[in-house]
Every structure is written in structure tokens, then in C-alpha cells.
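Participant: After the C-alpha cells below, expect a handful of questions from me.
The values are calculated or read from the model by the stated rules, or taken from the named source; none is laboratory data. Treat the numbers as computed from the prediction; the structure is a model and nothing was measured. Cβ coordinates were reconstructed from backbone atoms using ideal geometry, including for glycine residues, and neighbour counts include every protein chain displayed.
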Amino acid sequence: MKKCFCDLSGKKVLVTGAAGFIGANLCTRIFMECDDVTIIGIDNLNDYYDVSLKMWRLNQIKKLCTNKTEQFIFYEGNIADKGFMEDIFHTYKPNIVVNMAAQAGVRYSITNPDAYMESNVTGFYNILECCRHSYDAAFEKYQGVEHLVYASSSSVYGSNKKVPYSTSDKVDDPVSLYAATKKTDELLAHAYSKLYDIPTTGLRFFTVYGPGGRPDMAYFGFTNKFIKGEQIQIFNYGNCKRDFTYIDDIVEGVLRVMKGAPQRDIGEDGLPVPPYALYNIGNSHPENLLDFINILQEELISAGVLPETYDFEAHKEFIAMQPGDVPVTYADTTDLETDYGFKPNTTLRDGLRNFVRWYKEFYLVKA
Ligand SMILES: NC(=O)c1ccc[n+]([C@@H]2O[C@H](COP(=O)([O-])OP(=O)(O)OC[C@H]3O[C@@H](n4cnc5c(N)ncnc54)[C@H](O)[C@@H]3O)[C@@H](O)[C@H]2O)c1
């Protein structure tokens, strides 16, 4: 699909989930790369995991706004609150919107389904409505939202047998509520792109890891447990492959996509062709979970977090697959490479080393 490339300088960017792992890293990266940009950050700072980690991420962003041309305006608020979102859009008239706010995680959706419907469905619907009405308020200097970029997930592929996963694969069989809400977002975005000519791009992320990451994710939980001397549980008896994607690669991909919106066009029928696109962002190199754990162990030892004599094997329990989990995720990133000239390339060794160094500094040295 043809793209309409733009510079972020002088733009107002709305980032939801700005205190989250990916959202916060994206804000930081935007400030490091772009001049004269205003970011309006929204997050409800929910306690799904340690809120102090979210506060730390927000502080990292604020530290970068040292000169007057960069502005970070943060609101603690819920994207499912329509009035709140309308006020934000009316007040700031964002040019680019990046929706990272969501209730993430597959397992939590089994016990807490309401959180998924509220954030991922109602919240996203509100954002689409606000984008739609941004054109009503258009005037000379504000043409409404130029691009809505939103997080989807590799979970939409469910138990797809064909690998690597491609955005042209049929994904009508979600195996978790989380996946169903992410697929819903893609469908809603398509309808709004078609009806209201909103340029939208959905990004299916594949298992993102790195410094300051989410404590609910396996690599983070394994680290906590090894340090406490507890047992880690390895699902599907370790027979599981993941496309682990380093946070900097994800952010690089999101930033490139933000700058290249699907171009508005008129089809042969005289009606707008929906300016709608979807991409995978994954490492495109699946790693065996056991190899991932081995590298994590080696890095924990070499950073001095655990002693060389640590008996890792005694702290492992191999168990069956959990409901909603899938044995392999693996991204086909050809489209991302073709349209944006980018392919994630951080090795597991480098990525996990950075994570372990951060973990040591954040939890062990400071304590
Ligand atoms: N990290 C991954 O491996 C991964 C993989 C696939 C997809 N994703 C998607 O990427 C996005 C970002 O993920 P993340 O890993 O940074 O997760 P995260 O939980 O760290 O970030 C999400 C942020 O959104 C906020 N939030 C949740 N509901 C909200 C609401 N209703 N209103 C306002 N704020 C709300 C949370 O407080 C949190 O800070 C999510 O949409 C997630 O589903 C992440």
C-alpha cells in the first residue's frame, strides 16, 4: 500500500498507555529523535502490575524534556471514559494517535475478562470515535488525525498451524479473550478506515522483552523466582518456540510506521479505499524457550546477580500447556521490510544482557 510519509517535528502525538512498557519506551525514543514535538500521554496507571515501575518509566520520559520545544503532557485517565477522551481530543487536536493502552496478557483474561472488554474494546472504540470526529473540527491548521497506529498482538494467530505467521493468514479462530479483543480492534479499525477515511495501521507485536519490561511476562517472572530461590514453571514441558522481540526493535518499527500512514485513495467504484494496514513486528527468528532460559541463566551469572554455583535445574518444574497458550509464534516481517525498510535484529544475548543489567540496577543495587 502507498504511504504518505511525514516528519514528526511540530506535531502533537497522543500516546495512550504512556506509562506502559512499549508506550513509555516509544515516548522516550520520540523525544530522543524528534525536535519540536508534543506528546500527550494517557495512562490509567492500573495495578495489574507494580505501579512504581510505571511511575519510574514516566520519570524517565520527563527527564528528557529539558528544552522548551519538547513537551510531555501526562494525564492519568481511562480511555474507556468517552467524555475524558473527547476532552483530550478537543483540547489538544492530536495529529498522530498511538494506542498502546490495553489490558495485556493471555492468562489474566481467564480470571478478569471485564478488564479486557473495557480497555481493549470500549477504550479502542472511543479512540476511533474521537479520530472520526477530529475531522469535524478540522480547520486551516488542523486537518484531523493523520494516522492512528494501534497495538494488536501475535495472539490473533491463535493455533495457526502455518509458520511463519503472515498478516494475510486467516485469523478467525482466537483461542483467548485477549486475542479476540485484539482481533476486534483490527475489525473496528477497518470499518472506521472505510467509513471515515481514517488512516489506520495495526501492529501485531510478538513477545516483547527488555529493560523495564512487564513483570507478568515469563522472562521477568523467571528472574524474580530464581533470585528468591523459588521454582519456575516451564509450560508445555519446554516444548515451545517464541519470536522474542527486543523492545528497541519494536519501538524502531512503531516509529517508522508512525511516519508513514496508508495513503488515502479513491477506488474504481468512486468510493474511498480504506487507508488501512496491518504489520507483524517480530524477530522473525523463533527461539526455543529452553535456549532462552539458558541464555538468561548465563547472563544472570555473568552480571553477578546469581552465583556460578546456582543450581538452576533444581528450580525448574516442567508442566503441561496452559489454556489460551500457543506452542509456537513466529512472524513473517516481509511487509514491514518492504514498506518501511526495517527488520528487528537484536540478538537474544544482547537483549537479555541489557535486561539483566537493568534488573540488577533497578531492584538490587538501589535496594
Ligand atoms: N509486551 C508484549 O509482549 C506485547 C505483545 C503483543 C501485544 N502487545 C500490546 O502492546 C500494547 C502495549 O503493551 P505493553 O507490553 O506495553 O503493556 P503494558 O501493560 O506495560 O502497557 C499498557 C499500559 O496501558 C495502561 N492501560 C490499560 N488500560 C487502560 C485504560 N483503559 N486507559 C488508560 N490506560 C490503560 C496500563 O496502565 C499500562 O501502563 C498493548 O496493547 C498490548 O496488548 C504487547
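Participant: State all residues of segment 6-15 that are out of contact with any Asp or Glu (no Cβ under 7 Å at 6 or more places or on another chain) and either within 12 Å of the ligand (Cβ to nearest atom) or of a type in the set (A, V, I, L, M, F, W, C) (or both); if no residue qualifies, say none. Explain how you work it out, then say what you get.
Facilitator: Here is the first cut: in segment 6-15, the ones out of contact with any Asp or Glu (no Cβ under 7 Å at 6 or more places or on another chain) are 7-8, 11-15.
Leu8, Val13, Leu14, Val15 - these are the residues of segment 6-15 that are out of contact with any Asp or Glu (no Cβ under 7 Å at 6 or more places or on another chain) and either within 12 Å of the ligand (Cβ to nearest atom) or of a type in the set (A, V, I, L, M, F, W, C) (or both).
Participant: Oh, and also: Being away from the ligand (no atom under 13 Å from the Cβ), within 25 Å of Lys183 (Cβ to Cβ) and among the charged types (D, E, K, R) is true for just one of Lys63, Lys3, Lys93. Which residue is that?
Facilitator: It is Lys3.
Participant: From the list Gly282, Gly270, Gly260, Gly253, which one is surrounded by fewer than 18 Cβ atoms within 10 Å (Cβ to Cβ) and of a type in the set (Gly, Ala, Ser)?
Facilitator: Details: Gly282 fails: surrounded by fewer than 18 Cβ atoms within 10 Å (Cβ to Cβ); Gly260 fails: surrounded by fewer than 18 Cβ atoms within 10 Å (Cβ to Cβ); Gly253 fails: surrounded by fewer than 18 Cβ atoms within 10 Å (Cβ to Cβ).
Answer to the selection: Gly270.
Participant: I'm trying to understand the selection: among the residues of segment 205-248, which are within 15 Å of the ligand (Cβ to nearest atom), within 23 Å of Pro307 (Cα to Cα), touching a strand residue (DSSP E or B) at 6+ places or on another chain (Cβ under 8 Å) and part of a loop (DSSP other than H, G, I, E, B)?
Facilitator: Passing the criteria: only Gly210.
Residue-by-condition table, conditions (1) modelled with pLDDT of 95 or more; (2) assigned to a helix (DSSP H, G or I); (3) touching a strand residue (DSSP E or B) at 6+ places or on another chain (Cβ under 7 Å):
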position: Asn59; (1), (2), (3): yes, yes, no
position: Asn67; (1), (2), (3): no, no, no
position: Tyr75; (1), (2), (3): yes, no, yes
position: Ala115; (1), (2), (3): yes, yes, no
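Participant: Any idea which of Thr201, Thr181 is buried (at least 23 other Cβ atoms within 10 Å of the Cβ), more than 10 Å from the ligand (Cβ to nearest atom) and β-branched (Val, Ile, Thr)? Working first, answer last.
Facilitator: Numbers: Thr181 fails: more than 10 Å from the ligand (Cβ to nearest atom).
One residue alone meets the criteria, Thr201.
Participant: Tell me which residues, restricted to segment 263-322, are charged (D, E, K, R), under 19 Å from Phe235 (Cβ atoms), under 28 Å from the mean Cα position of the chain (by Cα) and not in a helix (DSSP H, G or I). Full working, then the answer.
Facilitator: Filtering segment 263-322 down to residues charged (D, E, K, R) leaves 264-265, 268-269, 287, 291, 298-299, 308, 311, 313, 316-317.
Subset that is under 19 Å from Phe235 (Cβ atoms): 287, 291, 313, 316-317.
Now drop any that are not under 28 Å from the mean Cα position of the chain (by Cα), which leaves 287, 291.
Within segment 263-322, Glu287 is the sole residue that qualifies.
Participant: Continuing with this model, one more query. Of the conditions (1) farther than 23 Å from Gly253 by Cβ; (2) touching a residue at least 40 places away in the same chain (Cβ under 8 Å); (3) surrounded by fewer than 19 Cβ atoms within 10 Å (Cβ to Cβ), Phe139 fails just one. Which one is it?
Facilitator: (2)
Participant: Hey, any hits in segment 83-103 for a residue that's farther than 15 Å from Gly20 by Cβ, touching a Phe, Trp or Tyr at 6+ places or on another chain (Cβ under 8 Å), hydrophobic (A, V, I, L, M, F, W, C) and part of a loop (DSSP other than H, G, I, E, B)?
Facilitator: no
Participant: Same structure again: Quick one: Gly144 ticks every box in (1) at negative phi; (2) away from the ligand (no atom under 11 Å from the Cβ) except a single one, so which number is it?
Facilitator: (1)
Participant: Just need a number here: residues in segment 323-337 that are in a strand (DSSP E or B) and at positive phi.
Facilitator: Going through segment 323-337 one residue at a time, the tally reaches 0.
Participant: For residues that are within 21 Å of Asp248 (Cβ to Cβ) and touching a Phe, Trp or Tyr at 6+ places or on another chain (Cβ under 6 Å), scanning just segment 28-60, find the one that is farthest from the ligand (Cβ to nearest atom).
Facilitator: Filtering segment 28-60 for residues that are within 21 Å of Asp248 (Cβ to Cβ) and touching a Phe, Trp or Tyr at 6+ places or on another chain (Cβ under 6 Å), the one farthest from the ligand (Cβ to nearest atom) comes out as Ile39.
Participant: Anything in segment 1-47 that is assigned to a loop (DSSP other than H, G, I, E, B), under 23 Å from Thr122 (Cα atoms) and not acidic (Asp, Glu)? List them, or say none. Steps first, answer last, please.
Facilitator: Of segment 1-47, the ones assigned to a loop (DSSP other than H, G, I, E, B) are 1-2, 6-11, 17-20, 34-37, 44-47.
When the remaining residues are screened for being under 23 Å from Thr122 (Cα atoms), the result is 17-20, 44-47.
Across segment 1-47, the qualifying residues are Gly17, Ala18, Ala19, Gly20, Asn44, Leu45, Asn46.
Participant: Further question on the same structure: In the list Ala80, Ala115, Ala24, which residue meets the criterion of being touching a residue at least 60 places away in the same chain (Cβ under 8 Å), near the ligand (Cβ under 10 Å from one of its atoms), under 21 Å from Leu188 (Cα atoms) and surrounded by 15 or more Cβ atoms within 10 Å (Cβ to Cβ)?
Facilitator: Working: Ala80 fails: touching a residue at least 60 places away in the same chain (Cβ under 8 Å); Ala24 fails: under 21 Å from Leu188 (Cα atoms).
Unique residue meeting the criteria: Ala115.
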